[in-house]
Amino acid sequence: MKRKDLQHLKIDSTLFETKSASPVPIAIEDLANQQTDGEDDFHYAAGFAPYVRGISPTMYVQQPWQSNQVPQSSTLEKCNQVYHNQIQQGQKEIMLVSNPSQQQNTIHSIEEMKVLLDQLPLHEIAVSLYTDESILPLLACYLAAAEELGFDGKSLSGHVHYDLVLPVFTSNGLYTLETAHQLVADISGYMHQHHPAFNALSLSNKAFQLLKLTADQELAYSLAHGVDQIKAIATPAISVDYLATHLSYAWSADTHHFTTLAKMRAARGLWAKLLKSLNVKNEQALALSIRTQTLPIPLDSNEAMEALGPTTVEATAAIFGGTQALHLQLPPTLSTGLTAGQMQRFLMEEIKSCKTVDPWAGSYYVEKLTQDIAKKTWDTLQEIENKGGIQSILTQLIQTQLAKQPAVEPKPSDEIVAVDQIPFRQTKEVEKALANLTESIQIPNENVLALAIKAVKARATLSEIHQALLR
């Protein structure tokens, strides 16, 4: 049957809602009559700038995406054993998550970090660090622990996943955007000098996703913020090329399947276009690495199976969108890690996702949706410039968000009573290090990450360091 014979058929558009500002065509004839706008981006194969179809020519055919899972064991020793098992099974990367506010896999001190990392071959694997709070305490603790375990800093590799804006939204104004930018600049400078193989710069769409923005706003704000960070951090010693190749997009997936994968493709194309304007010399610097987490689902252990459906929808969207790593967030149970691992293998093997480079290439709907989102995002990027830049818009968003939140007085740390029990704790040195950290936040004079590492080595807790950033 020819397409012209189907033109009278209508499609119920309510079945295909998207978060993008682009409506789904409601009739077959709309699809037949629309033409692509001839964007050059879509004439390039995967592995070539602007990387819309993927950042590698072979994508998952030769190397599947990195499967990242966080141990759900009850003790640090058992978590360590899970990491050993993952490495023995051939995994080249482990994921370390610490979210104190959610009581999730919380690391309190360097001594606990050393238990977690005990006898792991950190010089042979990558370590991904993730938190919803400031990344500084967790990163400082990891680096200090690795050093005390005998690893040379230049042999360490990995990724940090954080949302620079999210802690500003959740701290009731105690943690500012200016502080966040200072921390990112200091982290980048320190890591460039001491840990050059570590990817320390991160973009994120999580905060903007939580604000229920449209797809084009979500992309435009996060990409513009990323470019703004690179421009602010770059120096003759730290080139734009270095920063761009040591950056990844901490992507928060959602259940809008086609919109998610189209956003990921559009993000890569737009990032390459934006980076070209910064005169990068290495084409690989234009390739945007995307590392995905599915959304956490608030279910208890008895309802854990109900999370498999939406998690699978989000995971397949991330895979078809070309993610470099994938973490499935399932409700915490003793079998969560096993279930998530089985799901990852199922997605690799059963749906043959590693048999083709770009499985949705040529799909009119996906290509058109990608182009529509890219065009609207580019228009939004121009609006951002016309309104004075992304920092002005972020400041307004933060003020609006904080106005909706009730004022909350800072609470004393729950760890104060327990700190005396930390082995080798040097109380006076801790107090001095934390005071220096607070002073450097208020009047920048020393590298903040270096000061945080000193505090960790004196056995300050991560909570104490975080609180020092808020004073």
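Has the stretch 297-314 got at least one residue that is at pLDDT 95 or above and open to solvent by less than 50 Å² (accessible area, probe 1.4 Å)? Full working, then the answer.
Let us first name the residues in the stretch 297-314 that are at pLDDT 95 or above, namely 314.
If we keep only those that are open to solvent by less than 50 Å² (accessible area, probe 1.4 Å) too, we end up with 314.
Yes, the stretch 297-314 contains a residue that is at pLDDT 95 or above and open to solvent by less than 50 Å² (accessible area, probe 1.4 Å).
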* To do: Please verify whether the stretch 399-414 includes one or more residues that are modelled with pLDDT of 90 or more and either open to solvent by 20 Å² or more (accessible area, probe 1.4 Å) or outside the structural domain of A220 (by the TED database) (or both).
  => yes
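Restricting the search to the stretch 56-72, which residues are over 17 Å from the mean Cα position of the chain (by Cα) and crowded, with 16+ Cβ neighbours inside 10 Å?
S56, M59, Y60, P64, P71, Q72 - these are the residues of the stretch 56-72 that are over 17 Å from the mean Cα position of the chain (by Cα) and crowded, with 16+ Cβ neighbours inside 10 Å.
Would you say D372 is among the acidic types (D, E) and assigned to a loop (DSSP other than H, G, I, E, B)?
Values: among the acidic types (D, E): yes; assigned to a loop (DSSP other than H, G, I, E, B): no.
The answer is no for D372.
I'd like the full set of residues that are farther than 22 Å from L139 by Cα, at pLDDT below 90 and not hydrophobic (A, V, I, L, M, F, W, C), limited to the stretch 44-72. So that I can check it myself, show each step before the final result.
Pass one, the stretch 44-72, residues farther than 22 Å from L139 by Cα: 44-65.
From the residues that got through so far, the ones that are at pLDDT below 90 too are 44-45.
Result: Y44, single match.
Pick out the one residue from T260, T235 that is β-branched (V, I, T), touching a residue at least 60 places away in the same chain (Cβ under 8 Å) and either in the same structural domain as I373 (by the TED database) or not in a helix (DSSP H, G or I) (or both).
T260
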* Residue tally, condition open to solvent by 40 Å² or more (accessible area, probe 1.4 Å) and not acidic (D, E), over the stretch 369-391 -> 8
* Structure fact -> How many residues of the stretch 441-453 are surrounded by 20 or more Cβ atoms within 10 Å (Cβ to Cβ) and free of Cβ contacts under 8 Å to residues at least 60 places away in the same chain? The answer is 1
* To do: Quick one: in the stretch 45-65, of everything that is in contact with a Lys or Arg (Cβ under 9 Å, 6 or more places away or on another chain) and of a type outside the set (A, V, I, L, M, F, W, C), which residue is nearest to L270 (Cα to Cα)?
  => P50
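The values are calculated or read from the model by the stated rules, or taken from the named source; none is laboratory data. In this text the structure is predicted, and so the values were computed from the model without any measurement. With ideal geometry, Cβ positions are generated from the backbone for all residues, glycine too; neighbour counts draw on all protein chains shown. SASA here: full protein model, heavy atoms, side chains in, ligands and nucleic acids out. Shrake-Rupley method; radii C 1.70, N 1.55, O 1.52, S 1.80 Å.
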